[in-house]
């Protein structure tokens, strides 16, 4: 049959109309807690999302296999929003209609657009490593929960670690900050400027044009500036290019550090041996040693219920996914402790999430305490170093420079409070 | 049968000059309008906020772009930047206490005055070269916004839209914002319908077909090319502020990047260049085909218990979407509006096959 115009048009119309006509499956189980996990699998975050999402789903499977929380199963509705606002908002509204109490978009532009809606609809918006950094202020953003260290804190941790490496003081040292020239890349600047003034180091910044696949002009300048320490701030392709250029220009890699956005997959691009020594901020333990990962391997993957390729288990972003999922589940647990009979709503879960205290997911996370004021969870992380095959922690869990971070958080959250309502 | 015509015959000039000369067309358009007005009472909030509001806003923007591309034949790859100028201007004004009614107009004027500067390139270059000039506008505006903290809003680069009201109605809930978007879309569509039968519209058509032929006929190409850019950018600016107020509620530079421009371009081309109905269909297809295809894949996967890995599940709709757009361009290069027009032409004399026009 040759496809002509009429067949094409009517066939397309029938396909597009089909979802509206087929009744969607009403899930019989009433003991379900729904999370909306529309994330970007196809546009910008791509492999980050697929590893992150795999970790989340494996952890939820682990919890559900063990009988759920208080007899309730956790159902994560995973979809692709491609970092596109109409699609993300449609997914959010769909989730809301189906009774979702939590939404995790893992995308800064989407999180920004969802903030006013989530505050209005009382749906918990998880903005780990994305969205507004000032959402750490829980009193201004009751339903927006980063539950993890924001970029300002990450910058503060790195500077603090540099100071330790330099023997206690950074006075007279030079720190070079290489960043992607976008709002995300410029975000740590106010923190670094305050710290430079306070601790007496010289801050030199080099922006590169997004997406950062050519930084050849920047790094020779970095070398010529003779930095004592280098921080590079980017995402995706910019990170691997930055590392490659740093190595090519002969910078001492054990004086170079990145934010949380660096993973084993990046190292394969750069060259595992060449990148030896480079540091990153870890929001949770990586590798397969933490207890939850071992449990997932034994109880989920061994039974053939894993959500994705087994090789990815234990990689950095997979573990970030497990970290966030474990915090969400802990929030559900706390919510049941507070009001065992529900009803299961966004407000109910919000109470639970905001009373997580000293939670470590059996040693995988830094002690995380979320309060009604502090949605960052205490601001603890650690620095780890690439040894050629894996990331090895070189500090314990610690927090630093939180007064500067909170000064900046308050500045923007006040501004939001003044005009956002 | 429906149109009660076997060929179009008018006996009075007034009849022929009407926007919709046929009674059935008028009936159809009024019923669609009535349905749209009744939508908040008939439909769940989910359809309102998830589908109808974005559809109306993107359609309004595509209509503005279509005036330039379909009406005057000037390509524009920076329409997202035009909307950004309108959005940022009006949001900053609203935050400074200016009522939305004026802020919207000011946003439109600002877009128009900046848009016309880049539009001036159209006086010297055409086609692919004009595409490059407008692309430059996209990147320059993006750069200026994200590099100026006073515009973008500091290190977080997000500005919140304060609560606003339009003509005394507070735009808080979905119903109010929906009616506001509908009102703006209605005005723009009405304007676009009427442009075609004014001297302005005819001059644009002359410029579109051959600019020097138009000049020989006495149509000032200089004036009408700039005017086309001015009007289209004005509409873009106003729609930008509607987008910010009704839909985004917090604006940041990345919302107005090249992706938005390309999306609008696709809506205009798939919908039908130069048609008023086209952008409505084009916006619906470009905005919702990915969503619907995604849900369809999800539905098929869960109903038949297929264990498709999520990566593949996310990419199948993209493949289908690409095939869909190519298919429409292949089978109906004149756009979705032409499909409707074919149907209408067929029904015009149905049940007969042929009739004198």
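The values are calculated or read from the model by the stated rules, or taken from the named source; none is laboratory data. Since the model is a prediction, treat every value here as computed from it, not as a measurement. Positions of Cβ are backbone-derived with ideal geometry, glycine not excepted, and every protein chain shown enters the neighbour counts.
Test residue B:82 against the stated conditions and say whether it is within 16 Å of the chain's Cα centre (by Cα) and assigned to a helix (DSSP H, G or I). Yes: the conditions hold for residue B:82.
In the set (1) at pLDDT 90 or above; (2) in contact with a helix residue (DSSP H, G or I) (Cβ under 8 Å, 6 or more places away or on another chain), the condition left unmet by residue B:125 is number (1).
Residues in the stretch A:132-166 that are more than 19 Å from residue A:371 (Cα to Cα) and part of a loop (DSSP other than H, G, I, E, B): A:166 alone. Filter the stretch B:193-204 down to the residues that are in contact (Cβ under 8 Å) with a residue 40 or more places away in the chain and more than 19 Å from the chain's Cα centre (by Cα) and list them by number. Passing the criteria: only B:197.
Just so you know, in the stretch B:307-339 the residues that are modelled with pLDDT of 80 or more and assigned to a loop (DSSP other than H, G, I, E, B) include one that is nearest to residue B:291 (Cα to Cα), and it is B:335. Given the structure, is residue B:72 surrounded by fewer than 20 Cβ atoms within 10 Å (Cβ to Cβ), more than 14 Å from chain A (Cβ to nearest Cβ) and in contact with a helix residue (DSSP H, G or I) (Cβ under 7 Å, 6 or more places away or on another chain)? No, not satisfied.
Yes or no, residue by residue, for (1) within 28 Å of residue A:288 (Cα to Cα); (2) surrounded by 20 or more Cβ atoms within 10 Å (Cβ to Cβ):
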position: A:356; (1), (2): yes, yes
position: A:380; (1), (2): yes, yes
position: A:387; (1), (2): yes, no
position: A:404; (1), (2): no, yes
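When A:97, A:87, A:66, A:73 are screened for being without any contact (Cβ under 8 Å) to a residue 12 or more places away in the chain, more than 18 Å from the chain's Cα centre (by Cα) and over 26 Å from residue A:406 (Cβ atoms), only A:97 passes.
Looking only at residues that are more than 8 Å from chain A (Cβ to nearest Cβ) and in a helix (DSSP H, G or I) in the stretch B:294-306, which one is surrounded by the most Cβ atoms within 10 Å (Cβ to Cβ)? Only one residue tops the list, namely B:297. The single condition among (1) surrounded by 14 or more Cβ atoms within 10 Å (Cβ to Cβ); (2) touching a helix residue (DSSP H, G or I) at 6+ places or on another chain (Cβ under 8 Å) that residue B:131 does not satisfy is (2). In the stretch B:307-327, the residue that is farthest from residue B:270 (Cα to Cα) out of those that are touching a residue at least 12 places away in the same chain (Cβ under 8 Å) and more than 8 Å from chain A (Cβ to nearest Cβ) is B:316.
Quick one: is residue A:365 under 18 Å from the mean Cα position of the chain (by Cα), farther than 29 Å from residue A:168 by Cβ and buried (at least 21 other Cβ atoms within 10 Å of the Cβ)?
no
Counting only helices (runs of 4 or more DSSP H) that fall entirely inside the stretch A:225-343 and contain at least 2 residues that are without any contact (Cβ under 8 Å) to a residue 24 or more places away in the chain, the qualifying elements are A:316-338. Of all residues in the stretch A:127-142, those that are over 26 Å from residue A:48 (Cα atoms) have Cβ atoms under 6 Å from Cβ atoms of residues that are in a loop (DSSP other than H, G, I, E, B) and modelled with pLDDT of 85 or more, 6 or more apart or on another chain, in A:138/A:372; A:138/A:373; A:138/A:375; A:139/A:373. Note on the stretch A:63-77: residues that are assigned to a strand (DSSP E or B) and over 15 Å from residue A:125 (Cα atoms) amount to 5.
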